[in-house]
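Below is one structure; the comments refer to it alone.
The values are calculated or read from the model by the stated rules, or taken from the named source; none is laboratory data. A quick note: this is a predicted structure, and the numbers were derived from the prediction, not measured. Note: ideal-geometry Cβ built from the backbone for every residue, glycine included; neighbour counts use all protein chains shown.
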Amino acid sequence: MHPTEDTETTPAPVRDIARLITRHAPSAGDHPTGIPALSLHRRHGPTDPVPCVYPLGLVLIAQGAKQVLVGERILSYMPGHSMVVSLEQPVISHVTRATVHAPFLGLLLRLDLRQIANAASAMERSPQPEPGRLDISIEPLEPALFEALQRLVGLLDEPEVASSLAPLIEQEIVIRLLQGPHGSHLRQLLLEDSPDRQIGGVIAWMKQNFSSAFRVEGLAKRANMSTTAFRKHFREQTGMSPLQYLKQLRLQEARQLMLNQGMDAGRAAGIVGYQSASQFSREYGRLFGAPPQRDLQRVRSRKRDSEGALSA
C-alpha cells in the first residue's frame with residue numbers, strides 16, 4: 001500500500017485493516033467477501049454525491065474520507081472513526097479524498113437485529129430513549145473494536161476456518177458496540193414501543209412493497225401512530241418525509257436494475273411502481289443529476305477511467 005498523508009495520524013489497527021482491504025479489494029468498486037455480512041469498498045478518486053441506502057450495519061473507513069448527507073445534515077468521517085447505521089437509511093454520500101495511489105478504502109459489516117437483541121438481553125444496562133436523533137452515529141476509534149474488525153477481515157486469508165470463526169467475531173463486535181458509545185444508539189431499536197422500532201417496521205415493509213401504491217395514513221396506521229406523529233418521527237429518524245423515502249427506494253432500485261441487469265428505463269420504471277415514464281425520468285434526473293441514459297453512461301465511463309488509471 002502506498003503511504004498516505006494519514007499514515008502518521010491513523011491508528012495502527014486501521015492501517016493494518018487498510019493493508020488487508022488493499023489485498024482483498026485490488027480494484028475500484030464494491031467487493032463482496034467470503035464472509036456474507038462483510039463487504040469491502042475501494043475508490044480511486046473523489047466521487048460525485050450519489051444517493052444510496054445504508055443498511056443496518058457498521059462502517060469503517062481505513063483510508064481516505066467521506067461525507068454523508070442525511071436530510072439537511074452533513075456528516076463527515078475518516079480513518080479513526082466508526083459509523084453505525086441503526087435504521088436502513090437513504091443518504092447522499094460521496095468520497096471526498098482518494099487517489100489512484102492512495103485510494104479510499106472502507107468496509108461494511110451488516111448487523112443482525114436478532115443478534116443485537118440477544119447480546120443486549122445478556123447485559124444489565126437498560127436502553128434509554130434518545131428522541132429526535134438521526135439513525136446514524138459516528139464515534140471515535142475504540143481500539144478493542146477495531147482489533148476485532150482486524151481479526152474479522154484477517155479471516156479472509158483463512159477461508160478454511162472463516163465460516164466457523166467469523167460468527168464468533170461478529171458476535172464480539174456486536175457486544176463491543178453495545179458496550180461502547182454506539183450502544184444507546186443500537187439499544188433504541190430494541191424498545192418495543194419506541195418510535196425507532198415502529199418506524200423501522202414500516203421501513204422494512206416499504207422495502208418489500210415499494211412498487212405498490214399506498215398512502216401515508218396507511219403507513220401511520222401500520223406504525224400504530226397518528227398521521228402527524230408518524231410524519232414527525234419518520235422525518236426525525238430518516239431526515240426526509242415518507243414519500244421522499246419511498247421515491248428514493250424506487251429510484252435506487254430502478255438504477256440497479258438498469259446497471260446490473262441491462263434493463264431499459266421504461267421497463268425499470270414500471271417494475272418499481274412508476275406509471276408515467278416522463279415522471280420517472282424527471283424524478284430520476286433530480287436525484288442522480290442526469291436522465292437515466294446519460295447517468296448510466298457517466299457511471300460506466302467513470303468505472304472504465306478508474307480501471308484504466310490503475311493499470312497505467
So which residues in the range 81-112 are in contact with a Phe, Trp or Tyr (Cβ under 7 Å, 6 or more places away or on another chain) and β-branched (V, I, T), if there are any at all? V85, V91, V95
When M225 is run through (1) aliphatic (A, V, I, L, M); (2) part of a helix (DSSP H, G or I); (3) farther than 30 Å from R298 by Cα, the failure sits at (2)
Consider P242 against the criteria (1) at pLDDT 90 or above; (2) in the same structural domain as T22 (by TED's automatic domain parsing); (3) out of contact with any Asp or Glu (no Cβ under 6 Å at 6 or more places or on another chain): it satisfies all of them except one. Which criterion is unmet? (2)
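Pick from the range 204-221 the residues that are in contact with a Ser or Thr (Cβ under 8 Å, 6 or more places away or on another chain) and surrounded by 14 or more Cβ atoms within 10 Å (Cβ to Cβ): which of them is nearest to D112 (Cα to Cα)? Break it down into steps so the answer makes sense when it comes.
Keep residues of the range 204-221 that are in contact with a Ser or Thr (Cβ under 8 Å, 6 or more places away or on another chain), which gives 216-217, 220.
Within this subset, residues satisfying the condition of being surrounded by 14 or more Cβ atoms within 10 Å (Cβ to Cβ) are 216, 220.
Values: V216: 28, A220: 25 Å.
Among residues in the range 204-221 that are in contact with a Ser or Thr (Cβ under 8 Å, 6 or more places away or on another chain) and surrounded by 14 or more Cβ atoms within 10 Å (Cβ to Cβ), the one nearest to D112 (Cα to Cα) is A220.
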Can you find a residue that is farther than 30 Å from S163 by Cα, at pLDDT 90 or above, β-branched (V, I, T) and under 17 Å from the mean Cα position of the chain (by Cα) anywhere in the range 49-63? no
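Criterion first (surrounded by fewer than 17 Cβ atoms within 10 Å (Cβ to Cβ) and either over 18 Å from the mean Cα position of the chain (by Cα) or at pLDDT 80 or above (or both)) does A122 satisfy it?
On the way: surrounded by fewer than 17 Cβ atoms within 10 Å (Cβ to Cβ): yes; either over 18 Å from the mean Cα position of the chain (by Cα) or at pLDDT 80 or above (or both): yes.
Yes; evaluated as a whole, the condition is true for this residue.
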Before we move on, is E72 within 16 Å of T238 (Cβ to Cβ) and over 16 Å from the mean Cα position of the chain (by Cα)? yes
Among the candidates S226, S278, S211, S301, residue that is polar (S, T, N, Q) and in contact (Cβ under 8 Å) with a residue 60 or more places away in the chain: S211
Is it the case that some residue within the range 87-103 is under 16 Å from the mean Cα position of the chain (by Cα) and under 22 Å from R151 (Cα atoms)? no
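In this structure, is F280 over 25 Å from I74 (Cβ atoms), of a type outside the set (V, I, T), under 22 Å from the mean Cα position of the chain (by Cα) and not assigned by TED's automatic domain parsing to the domain that holds L186? Talk me through it step by step, then tell me what you get.
Values: over 25 Å from I74 (Cβ atoms): yes; of a type outside the set (V, I, T): yes; under 22 Å from the mean Cα position of the chain (by Cα): no; not assigned by TED's automatic domain parsing to the domain that holds L186: yes.
The answer is no for F280.
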